[in-house]
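*Asks:* Structure incoming, see below.
The values are calculated or read from the model by the stated rules, or taken from the named source; none is laboratory data. Keep in mind the model is a prediction, meaning the values are calculated, not measured. The area values use the complete protein model at the heavy-atom level, side chains included, leaving out ligands, DNA and RNA. Shrake-Rupley method; radii C 1.70, N 1.55, O 1.52, S 1.80 Å.
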Amino acid sequence: MTQSSEAPKPKAEAKINKDAHASSTELDELDDDGWGDDEQGGKDLPPPRPPAKPARRRKRHSMIRRFFVIGVLAPILLATLYLYVIAKDQYASYLGFSVRAEDSASPVEMLGGITELAGSSSGADTDVLFEFIQSQRIVRLVDEKLDLRKMYHMPSDPVFGIDPDVTIEGLQKFWGRVVKVFYDSGSGLIEVRVTAFDPDDAKAVADAIYDESTVMINKLTAVARDDATSYARSELEKAVERLSNARAAIQKFRLETQIIDPEADIVGRMGLLNSLQNQLASAQIDLDILMQTAREGDPRLIQARRRVDVIEQRLANERDRFSATDGTVNGAYANLIGDYERLSVDKQFAEQAYLSALAGVDAATAEASRKSRYLAAYIEPTLAEKPQYPRRLIILATLAGFLIGIWIVATMIYYSIRDRR
């Protein structure tokens with residue numbers, strides 16, 4: 001150690017002589033503690049602190065130990081006693097399924113090889129089913145079928161059992177404890193674990209879940225089919241109404257005009273006109289012959305002229321029916337023909353629209369039938385032979401870790417507050 005240029009004082013010199021046998025390391029430690037010549041500065045230093053006394057048991061130590069016994073050891077002991085002596089064994093039934101959408105291809109697509117032949121997973125339907133299994137609706141349905149309150153009522157095990165007078169909300173909360181649903185959104189697989197005090201009860205609940213899930217999928221399929229065909233059926237209803245109105249209009253026209261088919265009727269009338277014209281020509285020829293051979297006043301001549309006049313009058317009347325405008329339904333025959341043609345065109349258009357709408361309904365129904373959903377179970381509800389629950393060691397380890405953590409945090413908080421005083 002480097003000596004100071006100043007002369008050491010008697011007290012420091014006596015201290016150095018007393019500790020002359022000390023090692024250089026010990027002298028360095030003395031310097032660090034403020035006993036070296038460099039730190040003296042010509043002044044007296046205070047005496048060193050006495051060494052720490054051995055630790056003694058205090059009141060706070062007993063309090064912390066008591067808190068550990070009451071807050072940690074006692075609850076763990078009580079939980080161990082309950083789990084291994086009072087708690088009833090529970091059996092688990094497992095169920096696994098997936099919602100499949102079978103989309104069968106049309107013959108044209110199959111020949112073209114542009115469609116998949118296997119069924120595909122329906123993710124949206126699986127999401128709906130996942131929420132349905134945890135909903136109050138399925139809890140109510142299964143309770144009505146199996147009486148869950150009676151099944152899970154265990155007076156000797158109130159922790160893992162249920163009150164028989166519990167409400168539907170409490171039953172749904174308890175349902176979340178005994179029915180665990182695991183869903184893999186990537187593969188679309190759902191696995192359900194049901195626990196009960198009896199293996200047959202666990203399997204019965206799992207079967208009920210599978211049955212109600214199947215009913216839900218069938219409802220979703222029916223709704224999808226109705227949505228796919230609703231527009232086509234709406235168009236068909238409009239086409240039927242239009243066709244009915246067109247047929248009613250033609251029937252009304254026939255009743256008012258007393259003409260079944262104006263086109264056929266006009267053909268008959270034209271034939272009648274041609275016949276009258278031929279008869280008129282023949283009668284006029286006969287009249288001309290009689291006028292050359294008979295005298296005035298001859299009855300045959302009078303009869304021939306009368307016959308010619310009658311034929312001409314009839315011919316004129318028939319021609320007037322084609323262009324009469326007296327306001328009657330049979331007045332203007334050309335107008336009747338025009339009205340009938342318009343009604344006939346409306347009827348033909350309504351028939352074509354009806355056939356098109358009917359074909360659309362058939363096509364939509366066929367398309368909806370090709371896309372069907374079904375529940376594919378890859379794990380049927382199992383029947384347990386050995387109880388697996390409650391997981392006693394896991395429960396105790398979790399409880400112990402939780403209580404010890406609380407005890408450590410509380411102790412640290414206590415000492416932190418104490419040190420700040």
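*Asks:* May I ask you to list the residues in the range 251-270 that are part of a helix (DSSP H, G or I) and either among the charged types (D, E, K, R) or at pLDDT below 75 (or both)? Talk me through it step by step, then tell me what you get.
*Replies:* Filtering the range 251-270 for residues part of a helix (DSSP H, G or I) gives 251-257, 262-270.
If the condition is that a residue be part of a helix (DSSP H, G or I) and either among the charged types (D, E, K, R) or at pLDDT below 75 (or both), then 252, 254, 256, 262, 263, 264, 265, 266, 267, 268, 269, 270 are the ones that fit.
*Asks:* Kindly evaluate residue 320 against the criterion of being open to solvent by 60 Å² or more (accessible area, probe 1.4 Å), of a type outside the set (Ser, Thr, Tyr) and at pLDDT 80 or above. Reasoning before the result, please.
*Replies:* On the way: open to solvent by 60 Å² or more (accessible area, probe 1.4 Å): yes; of a type outside the set (Ser, Thr, Tyr): yes; at pLDDT 80 or above: no.
Against the criterion (open to solvent by 60 Å² or more (accessible area, probe 1.4 Å), of a type outside the set (Ser, Thr, Tyr) and at pLDDT 80 or above), residue 320 does not qualify.
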